[in-house]
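Peer 1: One structure follows; several queries about it will come next.
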Amino acid sequence: MKRKVTKAIFPVAGLGTRFLPATKSIPKEIMTLVDRPLIQYAIDEARAAGIKEFIFVTSRGKGALEDYFDNAPVLEQELRRKGKDELLELLKNTNMESGAIAYMRQHKALGLGHAVWCARRLLGNEPFAVILPDDVIAAEKPCLQQMVEAYAETGGSMVAAMEVPADKASSYGVLDVKEGHGQLVSVKGMVEKPAPGTAPSNLAVIGRYILSPKIMQNLNQIKSGAGGEIQLTDAIALEIEKGRDVYGFRFNGKRFDCGSKAGFLQATVAFALARDDLKDELSAYLYEIMAQRKAAQ
Ligand code: UTP
């Protein structure tokens, strides 16, 4: 039976070492693209897809992330007093309904699969989404919404997929494709971080998933994989071995790897250039520095 997807897990318990020293005290997910933290993009995408319950798998030092979703009555009062209605509205949109958000602690960063498993008691027997907030996707129709619509037709489990250059495949989970039907491909295997030259395709998994609750049993069964971590990819691959359907979904949109510095900077520029209040000033500056660099060559 295909059910509606109303719960999403946001695994945010990673150490974020690529952004040290910033992540010594700031959770990676609170870092801002222009003026919104990464987590806000993820929450907005989930809401657009019909998600009603938001489960955060957190760890030590993520207090700022929990505070971010609380009401800020003093600030709101001050904005109201000053008649700053637009800012007030903006702020209100970041509040979460009581009871819609749950926090589960991952006591040790044992891997993405382990982080998802930590949320098992909050899920019940329903399919659920997983969103990695450091993958930010700019799209006309938000990526998870595209997937939820496709999932309504397929059931099973589904991962967001994207073509990557062959020499980059070893940084991702990679799909072994059985059959492709345009946006939807059916999958016969998955490998996490394949050794260079061994990737079964150039179709990589990125941070959006809709998963069957049976994945939790698989996470119970598997041992640590690539990098010594409990890998979500391995638990999904086990679904395939057990004869259940797994699909890759080629989403429409542009994905930014905001877990890496270069990706984060590219996203910052792209999102700023998409803003009416910033695009003119920023593009003038970009032209200016590019012209200076050219002249200096
Ligand atoms: P990453 O591989 O980007 O790891 O995790 P990281 O720790 O966040 O960052 P680096 O590599 O040290 O810079 C992908 C996603 O999985 C979560 C992370 O929070 C991130 O959203 N994760 C990873 C966990 O929640 N727990 C883990 O044990 C590992």
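No value in this document is a laboratory result; all are computed from the given coordinates. The model shown is predicted, which means the values in this text are computed figures rather than measured ones. Virtual Cβ from ideal backbone geometry, glycine too; neighbours counted across all protein chains shown.
Peer 1: Within the stretch 275-287, is there a residue that is farther than 28 Å from residue 126 by Cα, within 23 Å of the chain's Cα centre (by Cα), surrounded by 11 or more Cβ atoms within 10 Å (Cβ to Cβ) and of a type in the set (S, T, N, Q)?
Peer 2: Just the residues of the stretch 275-287 that are farther than 28 Å from residue 126 by Cα, to begin with: 275-287.
With the extra rule that they be within 23 Å of the chain's Cα centre (by Cα), the set shrinks to 275.
If we keep only those that are surrounded by 11 or more Cβ atoms within 10 Å (Cβ to Cβ) as well, we get 275.
With of a type in the set (S, T, N, Q) added as a condition, the list becomes none.
The answer is no; no qualifying residue exists.
Peer 1: Would you be able to tell me the number of residues in the stretch 17-45 that are within 12 Å of the ligand (Cβ to nearest atom), of a type in the set (Gly, Ala, Ser) and surrounded by fewer than 19 Cβ atoms within 10 Å (Cβ to Cβ)?
Peer 2: Qualifying residue count, the stretch 17-45: 1.
Peer 1: Related question: In the stretch 237-266, what residues are of a type in the set (A, V, I, L, M), out of contact with any helix residue (DSSP H, G or I) (no Cβ under 6 Å at 6 or more places or on another chain) and in contact (Cβ under 8 Å) with a residue 12 or more places away in the chain? Write out each step before concluding.
Peer 2: Taking the stretch 237-266 first, the residues of a type in the set (A, V, I, L, M) are 237-238, 240, 246, 262, 265.
The next check asks that each one be out of contact with any helix residue (DSSP H, G or I) (no Cβ under 6 Å at 6 or more places or on another chain); those that pass are 237, 240, 262, 265.
Passing the criteria: 237, 240.
Peer 1: For the stretch 1-16, enumerate the residues that are of a type outside the set (Gly, Ala, Ser) and either near the ligand (Cβ under 8 Å from one of its atoms) or touching a Gly at 6+ places or on another chain (Cβ under 6 Å) (or both).
Peer 2: Taking the stretch 1-16 as the starting set, the residues that turn out to be of a type outside the set (Gly, Ala, Ser) are 1-7, 9-12, 15.
Once the filter is applied, which keeps residues that are of a type outside the set (Gly, Ala, Ser) and either near the ligand (Cβ under 8 Å from one of its atoms) or touching a Gly at 6+ places or on another chain (Cβ under 6 Å) (or both), the stretch 1-16 yields 2, 10, 11, 12, 15.
Peer 1: Further question on the same structure: Scanning the stretch 216-253 for residues that are part of a loop (DSSP other than H, G, I, E, B) and on the phi > 0 side of the Ramachandran plot, which turns out nearest to the ligand (Cβ to nearest atom)?
Peer 2: Quick first cut of the stretch 216-253, residues part of a loop (DSSP other than H, G, I, E, B) only: 222-225, 229-231, 242-245, 251-253.
Filter once more, keeping what is on the phi > 0 side of the Ramachandran plot: 243, 253.
Working: 243: 28, 253: 19 Å.
My answer is 253.
Peer 1: A further question follows. Please go through the stretch 49-61 and give me each residue that is part of a loop (DSSP other than H, G, I, E, B) and either of a type in the set (Ser, Thr, Tyr) or buried (at least 22 other Cβ atoms within 10 Å of the Cβ) (or both), ordered by number.
Peer 2: Pass one, the stretch 49-61, residues part of a loop (DSSP other than H, G, I, E, B): 49-52, 59-61.
49, 51, 59, listed by residue number.
Peer 1: Right, another one. Sort through 108, 188 and tell me the only one that's touching a His at 6+ places or on another chain (Cβ under 9 Å) and on the phi < 0 side of the Ramachandran plot.
Peer 2: On the way: 188 fails: touching a His at 6+ places or on another chain (Cβ under 9 Å).
So the residue among 108, 188 that is touching a His at 6+ places or on another chain (Cβ under 9 Å) and on the phi < 0 side of the Ramachandran plot is 108.
Peer 1: Do any residues in the stretch 32-50 that are under 28 Å from residue 152 (Cβ atoms) have Cβ atoms under 6 Å from those of residues that are in a helix (DSSP H, G or I) and among the β-branched types (Val, Ile, Thr), where the two are at least six apart or on different chains, and which pairs are they?
Peer 2: Cβ pairs passing all conditions: 49/148.
Peer 1: Among the residues of the stretch 190-210, is there at least one that is among the aromatic types (Phe, Trp, Tyr) and in contact with a Leu (Cβ under 9 Å, 6 or more places away or on another chain)? Spell out the reasoning first.
Peer 2: Here is the first cut: in the stretch 190-210, the residues among the aromatic types (Phe, Trp, Tyr) are 209.
Still in the list and also in contact with a Leu (Cβ under 9 Å, 6 or more places away or on another chain): 209.
Yes, the stretch 190-210 contains at least one residue that is among the aromatic types (Phe, Trp, Tyr) and in contact with a Leu (Cβ under 9 Å, 6 or more places away or on another chain).
Peer 1: Just name the residue that is surrounded by the fewest Cβ atoms within 10 Å (Cβ to Cβ) out of those in the stretch 254-274 that are within 16 Å of the ligand (Cβ to nearest atom) and part of a loop (DSSP other than H, G, I, E, B). Walk me through it before giving the result.
Peer 2: Step one: filter the stretch 254-274 for residues within 16 Å of the ligand (Cβ to nearest atom), giving 255-265, 267.
With the extra rule that they be part of a loop (DSSP other than H, G, I, E, B), the set shrinks to 258-260.
On the way: 258: 25, 259: 19, 260: 14.
Checking each candidate, the answer is 260.
Results for (1) under 29 Å from residue 270 (Cβ atoms); (2) not β-branched (Val, Ile, Thr), shown as yes or no for each residue.
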position	(1), (2)
22	yes, yes
32	yes, no
57	yes, no
63	no, yes
84	yes, yes
87	yes, yes
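Peer 1: Something else now. Just to check your reading of the model, which residue among 139, 102, 72, 119 is within 28 Å of residue 253 (Cα to Cα) and of a type in the set (Gly, Ala, Ser)? So that I can check it myself, show each step before the final result.
Peer 2: Numbers: 102 fails: within 28 Å of residue 253 (Cα to Cα); 72 fails: within 28 Å of residue 253 (Cα to Cα); 119 fails: within 28 Å of residue 253 (Cα to Cα).
The conditions single out 139.
Peer 1: Collect the residues in the stretch 125-142 that are more than 16 Å from the ligand (Cβ to nearest atom) and in contact with a Pro (Cβ under 9 Å, 6 or more places away or on another chain), keeping them in residue-number order.
Peer 2: First pass over the stretch 125-142, keeping only residues more than 16 Å from the ligand (Cβ to nearest atom): 125-127, 138-142.
Result: 125, 126, 127.
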